[in-house]
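First the structure, in the form of structure tokens, and then the observations on it.
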Amino acid sequence: MIRIHNPHHVPFLHQTEQLRQAGTLCDTLLTVEGLTFKAHALILALASKRLKRQLTNQHGPGPGYCCIIDRVSSHTFKQILDYVYSESLEVPKDDLWELLRGAEYLEVESLVEQCQAQLRDPYSPTQTDTKVMILTIYECYWIR
């Protein structure tokens, strides 16, 4: 597993994740491959340039937002959503390329940068099975 940390994590994100998990105060429904995800428009707009454009261009009569996400699998979208709402994300190394493509499409810049760094590093867990990398905001630790 590769741990990818969110450098924009602040303490209240833990609370927003709890609200999202409970479906509380969620004002956005996102549909990906027929699955529906609930989220908060403000959090999505701060994390993703593409979602910010989609959300700010909606002028419907209702109080909430709806977005259909294409070009990203529901599995990858869930990983991206979990990343946006949390301090870090652990993903199997085999998911890294698809996660990068999804992050690029949704324009989640910090996730794109971290995926690219993992893929560029010849000693990253994506390149070798003998090490696991835990990435933090400040340091990298190799665990053998």
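Computed from phi, the 3J(HN,Hα) profile of the range 31-40 under the Karplus parametrisation 6.51, -1.76, 1.60 (θ = phi - 60°) reads 10, 9, 6, x, 8, 10, 10, 9, 7, 10 Hz, with x in place of Gly and Pro.
Annotation: amide H of Thr28 within the under-5 Å range of Ala39, Ala41, Tyr65, sequence separation 5 or more or interchain, hydrogens built in the peptide plane.
Couplings 3J(HN,Hα) of the range 44-57, computed from phi: 4, 5, 6, 8, 10, 5, 5, 5, 4, 5, 4, 6, 6, 8 Hz, in residue order, whole Hz [Karplus 6.51 cos²θ - 1.76 cosθ + 1.60, θ = phi - 60°; x for Gly and Pro]. For a paramagnetic label modelled on Gln18 (point 7 Å from Cα along Cα→Cβ), amide N atoms under 17 Å away belong, within the range 72-102, to 85-87.
Extending 7 Å from Cα along the Cβ direction at Leu25 and again at Met1 yields two label points whose distance is 2.8 nm. Taking amide H atoms as placed 1.01 Å from N in the peptide plane, the amide H of Ser88 lies under 5 Å from those of Asn6, each 5 or more residues away in sequence or on another chain.
Each value in this text was obtained by applying a stated rule to the coordinates, not by laboratory testing. What you see is a predicted model, and the numbers here were worked out from it, not measured in a lab. Because the Cβ atoms are built from the backbone with ideal geometry, glycine has one as well, and the counts that use them run over all protein chains shown.
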